[in-house]
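The values are calculated or read from the model by the stated rules, or taken from the named source; none is laboratory data. Quantities reported herein were computed from a predicted structural model and do not represent experimental measurements. Glycine gets a Cβ as well: all are built from the backbone with ideal geometry, and neighbour counts include every protein chain shown.
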Ligand code: MN
């Protein structure tokens with residue numbers, strides 16, 4: 001069975017791009033456009049991994065990550081922060097909030113697939129990485 005990835009993102013273009021990359025690599029993708037909805041979908045669907053935008057319309061991605069990590073049922077799910085805020089210290093903020101990894105936008109296909117695969121304990125499908 002293919003891994004199930006939840007992407008919490010309010011920007012439709014980013015959602016489309018990342019979803020396309022992940023689906024082409026054979027992953028199942030769940031979408032949320034707000035932080036609270038993301039936490040709720042994670043609780044319901046138990047995804048294998050969560051990609052988390054930081055700037056969201058309701059609670060931000062750091063708060064959403066902190067809520068996930070505070071839940072014994074959800075804290076095992078790897079959370080990778082995805083943000084355009086490439087400011088100094090941003091990575092530290094993400095990790096302090098409980099995120100397991102960090103990717104800067106714009107999203108680079110190979111970097112995304114390599115990071116996702118490594119958190120899922122998989123080897124990157126080379127055909128997908130080359131496309
Ligand atoms: Mn955003």
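Yes or no, residue by residue, for (1) under 18 Å from residue 121 (Cα atoms); (2) more than 16 Å from the ligand (Cβ to nearest atom):
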| residue | (1), (2) |
| --- | --- |
| 3 | yes, yes |
| 13 | no, no |
| 40 | no, yes |
| 52 | no, no |
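Report whether or not residue 24 is surrounded by fewer than 20 Cβ atoms within 10 Å (Cβ to Cβ) and either over 20 Å from residue 96 (Cβ atoms) or more than 11 Å from the ligand (Cβ to nearest atom) (or both). Outline the logic, then answer.
Numbers: surrounded by fewer than 20 Cβ atoms within 10 Å (Cβ to Cβ): yes; either over 20 Å from residue 96 (Cβ atoms) or more than 11 Å from the ligand (Cβ to nearest atom) (or both): yes.
Yes, satisfied.
If only residues of region 66-88 that are surrounded by 15 or more Cβ atoms within 10 Å (Cβ to Cβ) and more than 16 Å from the ligand (Cβ to nearest atom) are counted, the one that is nearest to residue 108 (Cα to Cα) is 78.
When 31, 45, 63, 111 are screened for being under 12 Å from the mean Cα position of the chain (by Cα), modelled with pLDDT of 95 or more and either surrounded by fewer than 20 Cβ atoms within 10 Å (Cβ to Cβ) or farther than 14 Å from residue 5 by Cβ (or both), only 31 passes. Total residues in region 13-50 satisfying the condition of being without any contact (Cβ under 8 Å) to a residue 60 or more places away in the chain and not in a loop (DSSP other than H, G, I, E, B): the figure is 23.
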